[in-house]
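Q: Submitted below is the structure of interest, expressed as structure tokens.
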Amino acid sequence: MSPTLTAHPRVRRRAAAALAAAALVMAGTAAIAPRAHAADPVLLSQGKTATASSFENADYYQAAYAVDGDDTTRWSSSAQDGQWLQIDLGATATLSRAEIHWEGAYADGYKVQVSGDGTTWTDAYSTTSSDGGSDTDTLSGSGRYVRVLSTHRATGYGISIYELRVYGTSGGTTDPGSGSGDGGTGGSGTGSLLSQGKTATASTTENADYYKPAYAVDGKADTRWSSTAADDQWLQVDLGASAALSRVEVDWENAYADGYKIQTSADGSTWNDVYTTTTGKGGKESDALAASASGRYVRLLATHRATGYGISIYELRVYGAGDDGGSTDPGDGDGGDDGGTPGTPTDVTGPLTSASVVKVTGGNGSWQLTVNGQPYTVKGMTWGPSADQAEHYMPTFVKLGANTLRTWGTGADSKQLFDVAAKYGVRVVAGFWLGPGGGPGSGGCPDYVNDASYKSSSMTDIINQVNTYKSHPAVLIWDVGNESVLGLQNCYSGDQLEAQRAAYATFVNDVAKAIHQADPNHPVTSTDAWVGAWDYYKKYSPTWTCSRSTRTAPSATPRRTGSRATSTSPTS
């Protein structure tokens, strides 16, 4: 399955604040006299421990992302029926309802089950006719553990859930409506926010232009600091004056630390540990500090990275009672002076109103991409937010000088993104996700040598999407797979790895041939994070690398998409 705003993966970026607010449930009206009633249902699941049967990608689609209160992050399973997402509520509760916000890859048949011990399960709700989107299911019964069990997938992918919210009458927080509670970007209300806008420094910076330390204390959910790929990296905030400290909130990008310390100092030189963990789960974490915690300087020190990359933080918020009277807890973490919808730029070139004919011309190292016979230079980046956020971010995207966006996946919900892109004159490199994806730690291990069923279902879905969108004005290029030649090293080794890489590149070639047949007007490319992948494409993907034997293939050139290095080669 593919990541982005579709029935697929990544998404890597929680670049956008929460997509949509859940309905605020009001109890009673002023016209009705008060009467005795049972306790109103409260949200029990947010921030609790979540586990799952499988992960499409353990770096980007963790189970915890389905209970973090953020509608732009999600859990995704492998492409099988019988997959489940489970929450430990921490104590037995009487349950009233479950709300499921599905990504495009949903289950039309599923059960909501409850258990007292996490082993023996009772059905509290069952359906065979879900249409995805947002489901609200009335539950009966009680238990400590709640899980959604998929009995039938509506797509060829696995199942993917932005948020699973469980309500009942034991413990929990009040129904937040906005989906922003214990696990959200706001805090518990204990103490003032002391860190926002203060001076931040760091051990290293992945890119000093794009990932500055100051971006981790600017109150914006779509900027971040990123370190180089090493352990013992740190981010430090000078609060300006000594303060009694209560907690620290960390909004991680997918490159997170599972082992880290929160430290304080009076002088920025001698440090005291006030919080330590070796089991961090990424996402949004709120860490209560030692009762005696105080200091002018606060830093997060990573002791172990959860991925092969560095560490990356959207926001680091420090709360306490400071001498300088810090600002009030902002709640939504979306501060700054541009938190609203950006204004319409003056250099919008859209709209695009008709399908394009895109070609790759030239050869022998001199290649030119043309759109409707005119030279076209790609300027853009990979799209991270959901399709629902396209209208919010596209104006700023164009203001940056971009004319092209790339998706990790293409599915039913891509139309909304494509429509907004066309409105602003932006063309789309439409991706199709193939497992295992790339980068250290990626999950899901298809067998390209032996698993004909996986290849057949993937091929069918890809061609269905090509036929659906090939006449859309925004479509520029089809992009098959993402970093899998590299990523297969996380699944196989030795001769098996070589065989799988050859079989994967051969399958990319088969897909390219099928796409060319279905849509001769748009080229096909593939993306990888390793220049060495080119040897496999050149040998096993002759259709992908070139549709005319008189051309020689271009060499893969590394480029940056977000915080991952990838390489792409456009093809005819």
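Q: When you scan segment 131-170 for strands (runs of 3 or more DSSP E) that lie fully inside it, which ones turn up with 2 or more residues that are among the β-branched types (Val, Ile, Thr), under 18 Å from Gln113 (Cβ atoms) and open to solvent by less than 40 Å² (accessible area, probe 1.4 Å)?
A: Values: elements: 134-138, 142-153, 160-168.
Answer list for segment 131-170: 142-153, 160-168.
Q: Would you be able to say whether some residue in segment 398-409 is open to solvent by 10 Å² or more (accessible area, probe 1.4 Å), in a helix (DSSP H, G or I) and modelled with pLDDT of 90 or more?
A: No.
Q: Is one or more of the residues making up segment 447-466 surrounded by fewer than 19 Cβ atoms within 10 Å (Cβ to Cβ), of a type in the set (Val, Ile, Thr) and out of contact with any helix residue (DSSP H, G or I) (no Cβ under 9 Å at 6 or more places or on another chain)?
A: yes
Q: Would you check if there is a residue in segment 214-221 being on the phi > 0 side of the Ramachandran plot and of a type outside the set (A, V, I, L, M)?
A: Applying the first criterion (on the phi > 0 side of the Ramachandran plot) to segment 214-221 yields 219.
Then keep just the ones that are of a type outside the set (A, V, I, L, M); that gives 219.
Within segment 214-221, one or more residues are on the phi > 0 side of the Ramachandran plot and of a type outside the set (A, V, I, L, M).
Q: I've got another one for you. Quick check on segment 74-95: of everything there that is touching a strand residue (DSSP E or B) at 6+ places or on another chain (Cβ under 7 Å) and assigned to a loop (DSSP other than H, G, I, E, B), which residue is farthest from Val148 (Cα to Cα)?
A: In this case the residue turns out to be Arg74.
Q: Looking only at segment 470-501, filter to residues that are over 21 Å from the mean Cα position of the chain (by Cα) and of a type in the set (Asp, Glu); which one of those is nearest to Val358 (Cα to Cα)?
A: Out of the qualifying residues, it is Glu498.
Q: If a residue has to be over 18 Å from Pro213 (Cα atoms), part of a strand (DSSP E or B) and either open to solvent by 60 Å² or more (accessible area, probe 1.4 Å) or of a type in the set (Ser, Thr, Tyr) (or both) to count, how many in segment 250-305 make the cut?
A: 11
Q: Name, by its number, the condition in (1) among the hydroxyl-bearing types (Ser, Thr, Tyr); (2) open to solvent by less than 10 Å² (accessible area, probe 1.4 Å); (3) farther than 28 Å from Thr155 by Cα that does not hold for Thr377.
A: It is condition (2) that Thr377 fails.
Q: Would you confirm whether any residue within segment 421-430 is crowded, with 19+ Cβ neighbours inside 10 Å, under 26 Å from Val485 (Cα atoms) and out of contact with any Asp or Glu (no Cβ under 6 Å at 6 or more places or on another chain)?
A: yes
Q: What pairs can you find where one residue is in segment 278-299 and within 22 Å of Tyr61 (Cβ to Cβ), the other is in a strand (DSSP E or B) and open to solvent by 40 Å² or more (accessible area, probe 1.4 Å), and their Cβ atoms are less than 9 Å apart, with a gap of 6+ or different chains?
A: Final answer for the pair search is Gly280/His304; Lys281/Thr49.
Q: Right, next: Being touching a residue at least 40 places away in the same chain (Cβ under 8 Å) and under 17 Å from Val112 (Cα atoms) is the filter; apply it to segment 51-75 and report the residue that is nearest to the chain's Cα centre (by Cα).
A: Trp75
The values are calculated or read from the model by the stated rules, or taken from the named source; none is laboratory data. This is a predicted model, so every value here is computed, not measured. Heads up, the Cβs are rebuilt from the backbone with ideal geometry, glycines too, and the neighbour counts pull from every protein chain shown. Note: accessible area is taken over every heavy atom of the protein model, side chains too, but ligands, DNA and RNA are not part of it. Shrake-Rupley method; radii C 1.70, N 1.55, O 1.52, S 1.80 Å.
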